[in-house]
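Trainee: Structure in structure tokens, see below.
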Amino acid sequence: MVGNSRLHWALFIDKTLYSTGDTFHLSASIIQQLAQCPTLDNWLTAISLPNNLPITPDYPIPLILASVVPSQTALWQSYPHLHIITLEDVPLQRMYPTLGIDRALAVWGAGITWGFPILVIDAGTALTFTGADNHQCFVGGAILPGLGLQFASLGQKTGQLPLLKPGLMISLPLHFAMNTSDAIQSGVIYTLLSGIKDFIEAWWRLFPGSQVVMTGGDSNLLKTYLYQQVPDIAERLIVDNYLIFQGIGNIVIK
């Protein structure tokens, strides 16, 4: 899965999700090397797969690709044994044409794993909300800048505000801060948590008792914050960072 900031990979062996990981987007030269020789040995070098895999070193690795970055998708076109997943492959009903394939796969994987109806909160570069009802129909969702992107926008687009990164604080900051860094933390974190709370409560009004699943790089951190702010909601949240791969596996790995 090619995300906005990183490449998320999963290795399936005999229809079983064997290993997962994350890396930066691969360069054009590395992708070309893999295309010319798509063996396990080359993949071990490219993304640091686990050692001692039950696969022969010269085995050509098939690739299932989903991507939200068109320039990256283009680089992979030369790879042999390539299957690119599009919205047409996802069994979810009523999707709009520009829905991100990452969102579609995540909500499909979540529904297959945890049951429909389902709401997925993906806490990545963008923070997205994606829902599906008990008939496996897309309900809708929302998109806003994620935690890191909000910090980055203040640090990069202002003259004097510092550039902060997520995870600097595990405990919630004071609402009314006494220095600039804490003021940024307070403003970004509390408004983000309030937005998440609002969307979850709106979802439960539509589908009482249904599951809400968080995924993405900031999911554990945001759940930690939610426990301190709204523990009754946080206790009901599931964190599952394999949703997209579960969606891919259900669609392609037969």
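The values are calculated or read from the model by the stated rules, or taken from the named source; none is laboratory data. Please read these numbers as outputs of a predicted model, since none were measured by experiment. Don't worry about glycine lacking a Cβ; one is built from the backbone with ideal geometry, like all the others, and counts go over all protein chains shown. What goes into the accessible areas is simple: the full protein's heavy atoms, side chains included, and nothing from ligands, DNA or RNA. Shrake-Rupley method; radii C 1.70, N 1.55, O 1.52, S 1.80 Å.
Trainee: Suppose each label sits 7 Å from its Cα in the direction of the beta carbon; what would the Ser181-Asp198 distance come out to in nanometres?
Mentor: Modelled inter-label distance: 3.0 nm.
Trainee: Calculate the length of the line joining the C-alpha centroid of segment 14-49 to that of segment 54-114, in whole Å.
Mentor: Computed from Cα coordinates, the inter-centre distance equals 15 Å.
Trainee: Which residue, His8, Trp108, Leu144, has the largest displacement toward the positive end of the dipole of the chain when charges sit on each Cβ (Lys, Arg +1; Asp, Glu -1)?
Mentor: Comparing the listed Cα positions along the dipole, Leu144 ranks first.
Trainee: Shifting gears a bit: Return the sequence-ordered ³J(HN,Hα) values of segment 84-96 in whole Hz as given by the Karplus equation 6.51 cos²θ - 1.76 cosθ + 1.60 applied to θ = phi - 60°, using x for Gly and Pro.
Mentor: Karplus values, whole Hz, x for Gly and Pro: 9, 8, 10, 4, 4, 7, 8, x, 4, 8, 6, 6, 8.
Trainee: Could you tell me which of rounded, prolate or oblate describes segment 40-172, using a ≥ b ≥ c as the square roots of the eigenvalues of the alpha-carbon gyration tensor, with rounded for a/c under 1.5 and, failing that, prolate when a/b is larger than b/c and oblate otherwise?
Mentor: It is oblate, given that a/c is not under 1.5 and a/b is not larger than b/c.
Trainee: Per residue, how many Å² of accessible area does segment 113-162 show with a 1.4 Å probe?
Mentor: Per residue, segment 113-162 has 44 Å² of solvent-accessible surface.
Trainee: Sequence-distant or interchain residues sharing an amide H contact under 5 Å with Leu127, placed H: which?
Mentor: Leu144, Gly146
Trainee: In whole Hz, what ³J(HN,Hα) sequence does segment 16-32 give by Karplus (6.51, -1.76, 1.60; θ = phi - 60°), x for Gly and Pro?
Mentor: Each residue's phi maps through the Karplus curve to give 9, 5, 8, 7, 9, x, 9, 8, 6, 3, 6, 6, 4, 5, 5, 4, 5 Hz.
Trainee: With charges set only on the Cβ (+1 for Lys and Arg, -1 for Asp and Glu), what does the dipole of segment 197-254 come to about its Cα centre, in debye to the nearest 20?
Mentor: 180 debye
Trainee: Moving to a separate point now. Considering only DSSP beta bridges where both residues belong to the chain, give the percentage that are antiparallel (nearest 5).
Mentor: Roughly 65 percent of the beta bridges in the chain run antiparallel, per DSSP.
Trainee: Right, next: If you count, for each residue, the other Cβ atoms within 10 Å and average over each peptide, how do 166-177, 89-100 line up from highest to lowest?
Mentor: 89-100, 166-177
Trainee: How far apart, in nanometres, would the label points at Ala74 and Gln32 be if each is projected 7 angstrom from Cα along the Cα-to-Cβ direction?
Mentor: In this crude label model, Ala74 to Gln32 measures out at 1.5 nm.
Trainee: Another question about this same structure. Between Gly216 and residues 5 or more places away or on another chain, which pairs have amide H atoms under 5 Å apart, with H built 1.01 Å from N, and which residues are they?
Mentor: Close amide H contacts, sequence-distant or interchain: Ala123.
Trainee: I've got another one for you. Using the Karplus curve 6.51 cos²θ - 1.76 cosθ + 1.60 with θ = phi - 60°, what ³J(HN,Hα) values do you get for each residue of segment 41-46, in whole Hz, with x for Gly and Pro?
Mentor: For segment 41-46, the Karplus-derived couplings read 4, 5, 5, 4, 6, 6 Hz, x marking Gly and Pro.
Trainee: Let me ask you something else. How large is the accessible surface per residue of segment 1-108, computed with a 1.4 Å probe and reported in Å² as a whole number?
Mentor: Solvent-accessible surface per residue comes out at 54 Å².
Trainee: Relative contact order of segment 7-133: what whole-number percent is it, with Cα pairs under 8 angstrom and at least 6 residues apart?
Mentor: Relative contact order for segment 7-133 comes out at 15 percent.
Trainee: Rank Glu235, Glu201, Glu88 by accessible area, highest first, at a 1.4 Å probe radius?
Mentor: Per-residue accessible area, sorted high to low, gives Glu88, Glu235, Glu201.
Trainee: Another one. Using the crude model of +1 on Lys and Arg Cβ and -1 on Asp and Glu Cβ, and no other charge, please compute the dipole size for the chain relative to its Cα centre, in debye to 20.
Mentor: It comes to approximately 260 debye.
Trainee: Of Gly187, Pro231, Trp204, which is farthest on the positive side of the dipole of segment 181-232, counting Cα position, with +1 on Lys and Arg Cβ, -1 on Asp and Glu Cβ, and the Cα centre as origin?
Mentor: About the Cα centre, the residue reaching furthest to the positive side is Trp204.
Trainee: Now a separate question. How much of the accessible area of the chain, probe 1.4 Å, is carbon plus sulfur, in whole percent?
Mentor: So the carbon and sulfur contribution to the accessible surface is 55 percent.
Trainee: Report relative contact order for segment 87-227 in percent, whole number only (criteria: Cα-Cα under 8 Å, sequence separation at least 6).
Mentor: 24 percent
Trainee: To continue, here is another question. Dipole magnitude of segment 85-199 about its Cα centre, charges +1 at Lys/Arg Cβ and -1 at Asp/Glu Cβ only, in debye to the nearest 20?
Mentor: With Lys and Arg at +1 and Asp and Glu at -1, about 260 debye.
Trainee: Is the chain best put as rounded, prolate or oblate by its Cα gyration tensor, with a ≥ b ≥ c the root eigenvalues, rounded for a/c under 1.5, and otherwise prolate when a/b is larger than b/c, oblate when not?
Mentor: Because a/c hits 1.5 or more and a/b fails to exceed b/c, the chain counts as oblate.
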